[in-house]
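Structure first, then comments.
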Amino acid sequence: MEQYEPARLTPARRAAVRRSLRDGRAALTRRSLLRASTGGALALGGLGALSACGIPPAGRSRGGESTEDHSERERTVSFSNWTEYMDVDDSGRRHPTLEDFTRRTGIEVEYTEDINDNNEFFGKIKPQLAAGQETGRDIIVLTDWLAGRLIRLGWVQKLDPANLPHAYANLSAQFRDPDWDPGRAYSYPWQAVPTVVAYNKKALDGIEVTSFSDLLDDPRLKGRVGLLAEMRDTVGMVLLDMGKDPEKFTGDDYDAALARLQKAVDRGQIRRFTGNDYTADLARGDFAACLAWGGDVVQLRADSPDIGYLIPDSGCITSTDVLLVPNKARHKTNAERLIDHYYEPRAAAELAAYINYVCPVDGAKAELEKIDPDAANNPLIIPDRDLAARSFAFRSLTSTEETAFEDAFAKLTGA
């Protein structure tokens, strides 16, 4: 395992820390996944509901549907993103990387932070997508599990590689070939989010946490462990710890992982399963150790020298938020040019310096060194080769698997 100590705060890092964990993207990264069994347009059984409405179920890919591209005549592009998921200037109002794109291309960006939850946002655009109508957006950012579903439904457009030379050349190897979008025909990563083991040194009081197994098995941590209420992250980490590949596991493997979790729950080892609110528990010391998302850890460590983390030898689950062009988008070429802009190392570095999530762009580290050397050398922002090799995605699920797996996990967590 690898352990990293806090670095000095640079001006860019201080700006990142000032962002609110309550209101920003850090607070929302996985909120939409935490109670998938209780609500939302894509709740458990949601695929069946879509089929009942005459919408083809996921798995029957029809391919994306385009419309006339107005990019040449209309020098604009509409970009919907999550809150606090774009660089801002010192005033907190303008987005330098977007302004740079407009200066270079003459394409105005209509940038809207109107995504607060994957399921909620899908509910907004589903009627138009299902009816073959425009959504009013040229680029949307969704988490990989939902992006894969939209691709299978045929509701996003295939990208033109001719408009994406930097993206094609600079996409990091670990993100090039997800099972839900082989070869990145429909999507490119915006940022990635690793799941790691975080701990509070003061609360540990000399106990050494060296692996994910310690969270489940060390009796000295009983009642002081937090796990994530996001099934893919928690079960994925258990699968890795059991020597299973989360990109290829079987139903029996999943059952075995849940059985291991159940034993820890029954012993009182787990204090609770949480959303992003684990940050407060960890900072207070109510959690001695927990699963955590990398972007949160970067910001927590900047605030407190007591917070540390490790990447288990068994590996970590890394999910992605990705850029997609929905069907009937009016400005597909402009959208592709904007996507490509963020795969130029300078723009990628400026974004990473503010956001502090994993940057998916090769070549960004050298540029980030000029802006924030500490961030450039933080593997939670620019993964080193070893960490990249130990990062795994949670494989795509069939609709039947998703219903069964989420239901079983919800029962275990008491959701």
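Here, each number is a calculation from the coordinates, and none is a lab measurement. Being a predicted model, the structure only gives us computed values, none of them experimental. In this analysis, Cβ positions are derived from the backbone assuming ideal geometry, glycine residues included, and neighbour counts consider all displayed protein chains.
Of LYS126/LYS332; LYS201/LYS365; LYS201/LYS222; LYS202/LYS263, which ones are farther than 22 Å apart at the Cα?
Flagged as over cut-off: LYS201/LYS365; LYS202/LYS263.
Go through 71-84, 258-271 and give me the packing order, highest mean Cβ count within 10 Å leading. Mind dumping the intermediate values first?
On the way: 71-84: 18.4, 258-271: 16.1.
With the highest mean Cβ count within 10 Å placed first, the list reads 71-84, 258-271.
So, counting K/R as plus one and D/E as minus one, what does the shell of residues with Cβ under 12 Å around HIS331 add up to?
That works out to -2.
What distance in nm separates the two pseudo spin-label positions at ARG94 and GLN262, each 7 Å out from Cα along the beta-carbon direction?
Between ARG94 and GLN262, the simple spin-label model gives 5.9 nm.
Which Cα, out of ALA169, PHE121, THR143, lies furthest along the positive dipole direction of region 120-181 (beta carbon charges, K/R +1, D/E -1)?
Checking the options against the dipole of region 120-181, the answer is PHE121.
Among LEU300, GLY285, ALA259, whose Cα lies farthest out toward the positive end of the dipole of region 258-308, if unit charges sit on the beta carbon of Lys, Arg (+1) and Asp, Glu (-1)?
Value computed over the given set: ALA259.
Please list 3J(HN,Hα) in residue order for region 387-395, calculated via the Karplus relation 6.51 cos²θ - 1.76 cosθ + 1.60 where θ = phi - 60°; whole Hz, with x for glycine and proline.
Ordered by residue, 3J(HN,Hα) equals 5, 4, 5, 9, 9, 10, 9, 8, 5 Hz.
Which value, in nm² and rounded to one decimal, describes the direction-averaged projected area of the C-alpha convex hull of region 127-174? Kindly include the intermediate steps, with their values, before the conclusion.
On the way: hull surface 17.6 nm².
So the mean shadow area of the Cα hull is 4.4 nm².
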